[in-house]
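Each reported figure results from applying straightforward, stated rules to the coordinates on display, with no laboratory input. All of these numbers come straight from a predicted model, not from anything done at the bench. Neighbour counts are summed over all protein chains in view; Cβ atoms, including those assigned to glycine, are modelled from backbone coordinates with ideal geometry.
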């Protein structure tokens, strides 16, 4: 049996992982899908003080208090920033690290450093116009090429998120580099996407790399295929549990 901790991206919540969570649990694995502070079912905790460090602490504390070890830790999109910070704090608890169409930051970088200046400027304007100056509205599901059946649902479920999450630099000690089992999964079925650059860097680092021809929210568009990829991280455990 394996232990999975699956971290959602910006404006999402635990709900985005429902399909994949059920598939993994049906195979006998333990699956945690925490909702980060300030969004979805924890949107009542939203404030200008919620930042990247808050979210890293959310997941790190889950791992510590649930006494998890040998975790397969997966971060989607903005969640890539989060899982890098978590793995750097508790590398001894992490068995494998997976970036799912996700940002991979270096020490001192923030998410907003990784997007084009015009997009960053537009988002800041949105925060001022509709987000009281400190929070960002979700990007519409259509822009992520979410499958047509799920688009309205995703747009209803999305919640605003504190701008500080995208502006706070990631602080890494280097302990993250102790984790050798690292995979990057690129969703190739949407554009413009900021993620091919991270996929290419992953290949240069000799990480495992995979592409899936679907929109950004892979767990909605291709849940079965994604579940199989996650199970293949430690194939001997998947076969034992099935």
In degrees between 0 and 90, to the nearest 10, how far off the longest principal axis of the chain does helix 79-89 point, with axes built from Cα atoms?
-> 60
Would you please give the FRET efficiency between residue 209 and residue 113, computed as 1/(1 + (r/R0)^6) with r the Cβ-Cβ distance and R0 = 25 Å, to the nearest 0.05?
-> 0.65
Over what distance in Å are the Cα centres of region 92-121 and region 193-228 separated?
-> 14
Shape of region 1-139, Cα gyration tensor, a/c cut at 1.5 | prolate
Nitroxide proxy distance, nm - points 7 Å out along Cα→Cβ at residue 41 and residue 120 | 3.5
Note on region 118-242: contact order normalised by length, alpha-carbon pairs under 8 Å, 6 or more apart, percent, works out to 21
For region 108-242, just say rounded, prolate or oblate: build the C-alpha gyration tensor, square-root its eigenvalues into a ≥ b ≥ c, call rounded for a/c under 1.5, and beyond that prolate if a/b exceeds b/c, oblate if not.
-> oblate
At 222 nm, what helix-only mean residue ellipticity would the chain give, in deg cm²/dmol to the nearest 500, using -39500 (n - 2.57) for each DSSP H run of four or more?
-> -10000 deg cm²/dmol
Relative contact order, percent, the chain [alpha-carbon distance under 8 Å, six or more residues apart] = 24
May I ask what percent, to the nearest 5, of DSSP beta bridges between residues of region 90-242 are antiparallel?
-> 20
Order of 177-189, 85-97, 118-130, 142-154 by packing, highest average Cβ count within 10 Å first?
-> 85-97, 177-189, 142-154, 118-130
Most mobile of 14, 47, 84 in a GNM of the chain (Cα contacts under 10 Å) = 47
Please provide three numbers in whole Å: the alpha-carbon extents of region 124-176 along the principal axes, with the largest listed first.
-> 43, 31, 15
Can you give me the P(r) profile for the chain? Cα pairs, bins 5 angstrom wide beginning at 0, each as a whole percent.
-> 1, 7, 14, 20, 22, 18, 12, 5, 1, 0, 0
